[in-house]
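Undergrad: Okay, here's the structure, questions in a sec.
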Amino acid sequence: MKRSRHIIISKILDICKNGSNKTRIVYQANLNFKTVAPYINLLIKNNLLEIKQGKIVLYETTECGKTLLDDFKKIDSLLSE
């Protein structure tokens with residue numbers, strides 16, 4: 001079954017709450033490297049993810065991203081009842 005865009009975005013935001021590298025995002029979100037790149041770019045462009053440069057590049061969910069993630073969870077819980 002194909003997942004909707006908002007489900008994939010909410011999964012990525014959830015994975016990145018405490019910082020995550022691209023490999024971890026790919027495996028935990030069940031995506032591939034080609035598929036995950038546009039999502040990461042979209043989230044960075046919209047200030048929902050930020051890049052933490054260091055020895056390893058980490059992606060971290062911003063406060064705006066955490067707010068959006070909470071909203072997604074509220075909507076999902078309302079629709080699942």
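Undergrad: Normalized C-alpha radius of gyration of the chain, against 2.2 N^0.38 Å?
TA: Working: Rg = 12.5 Å, N = 81, 2.2 N^0.38 = 11.7 Å.
Computed over Cα atoms of the chain, the ratio equals 1.07.
Undergrad: Let me ask something else about it. Among the listed pairs LYS45/LYS73; LYS2/LYS22; LYS45/LYS66; LYS52/LYS74; LYS2/LYS55; LYS22/LYS74, which have their C-alpha atoms separated by more than 24 angstrom in this model?
TA: LYS52/LYS74; LYS2/LYS55; LYS22/LYS74
Undergrad: Can you give me the % of accessible surface on the chain that is carbon or sulfur? Probe 1.4 Å, all protein chains present, nothing else counted.
TA: 54
Undergrad: With every protein chain kept in place and ligands, DNA and RNA left out, what is the accessible area per residue of the chain? Probe 1.4 Å, answer in Å². Present the calculation step by step, with values, prior to reporting the outcome.
TA: Working: 5610 Å² over 81 residues.
With all protein chains present, the chain gives 69 Å² per residue.
The values are calculated or read from the model by the stated rules, or taken from the named source; none is laboratory data. From a predicted model like this one, the values you see are computed outputs, not experimental measurements. The protein model used for the area step is the full one, side chains on, heavy atoms only, and it has no ligands, DNA or RNA in it. Shrake-Rupley method; radii C 1.70, N 1.55, O 1.52, S 1.80 Å.
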